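Asks: This is the structure, below, for whatever I ask next.
The values are calculated or read from the model by the stated rules, or taken from the named source; none is laboratory data. What you see is a predicted model, and the numbers here were worked out from it, not measured in a lab. Cβ atoms come from the backbone with ideal geometry, glycine included; neighbour counts cover every protein chain shown. Side chains included, ligands, DNA and RNA excluded: accessible areas come from the protein's heavy atoms. Shrake-Rupley method; radii C 1.70, N 1.55, O 1.52, S 1.80 Å.
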Amino acid sequence: EIDSARLKPGQPVHLSVDALPSERFDGVLASVSPAVSTEQEKNRTVKVKVRWTADRSRVRPGMSVGVEVVVGAADGVLFVPSPAVMEKAGRRTVFVVQDGRLRERVVEPGLGNWETTAVAKGLAEGELVLLSAGQSGLEEGARVAAEPAP
């Protein structure tokens, strides 16, 4: 529902098939329902139809398929894992690790999804960002032992 206003026929989509985890397929958003579902079990979803543009000969009827609609793209920007970005008092922040201590930093997020969020301002390439920002008890100045992610 939150992104429904950004969906338009013709947008590219990426399709992932649970049974073929190492493959990604391309498609195009064919249509978008004009209404949001209010049925409780559908959790305010928007029905869309997708047209496959890739070879789907290995995909069988009934297989579970995930659909990611590309609503925007950016090159040359920093991305952080989305769970690292917190919201506090209307500001978006992350914890960076400096000299073995946590430092809270206000950032300006850009495009994002469940996995990654672009950071338009507030971070520099190579800075260590705390990935488990949702844990209770974390605060500015807390001592940490940092291990860079692969």
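Asks: With a ≥ b ≥ c the root eigenvalues of the C-alpha gyration tensor of segment 1-47, is it rounded (a/c under 1.5), prolate (a/b larger than b/c) or oblate?
Replies: oblate
Asks: Once you keep just the Cα pairs under 8 angstrom separated by 6 or more residues, what percentage relative contact order results for segment 1-102?
Replies: Worked out over segment 1-102, it gives 26 percent.
Asks: May I ask for the distance between the Cα centers of segment 108-126 and segment 56-100, given as a whole number of Å?
Replies: Spelled out, the Cα-based centre of one part sits 9 Å from the other.
Asks: When only the heavy atoms of the protein chains count and the probe is 1.4 Å, how do Arg6, Arg101, Arg24 rank by accessible area, highest first?
Replies: Order by accessible area, largest first: Arg24, Arg6, Arg101.
Asks: In whole percent, and with a 1.4 Å probe on the protein chains, what portion of the accessible area of the chain is carbon and sulfur?
Replies: Heavy-atom surface of the chain belonging to carbon and sulfur, 1.4 Å probe: 49 percent.
Asks: Can you give the charge dipole size of segment 12-150 about its Cα centre, rounded to the nearest 20 debye, using +1 on the beta carbon of Lys and Arg and -1 on the beta carbon of Asp and Glu?
Replies: I would put it at about 460 debye.
Asks: Along the charge dipole of the chain, Cβ charges K/R +1 and D/E -1, which of Ala19, Ala124, Val107 sits furthest on the positive end?
Replies: Value: Ala19.
Asks: Please work out, to two decimal places, the log10 of the ratio I(q)/I(0) at q = 0.25 Å⁻¹ from a Debye calculation in which every Cα of segment 40-129 carries one identical scatterer.
Replies: -1.30
Asks: Now, a different point. How long are the three semi-axes of the equivalent ellipsoid for the chain, computed from the Cα gyration tensor as the root of 5 times each eigenvalue, in whole Å, largest first?
Replies: Whole-Å semi-axes of the equivalent ellipsoid: 36, 18, 15.
Asks: Work the Kirkwood hydrodynamic radius out for segment 42-87: mean of 1/r over every pair of different alpha-carbon atoms, inverted, in Å.
Replies: Computed over segment 42-87, the radius equals 15.1 Å.
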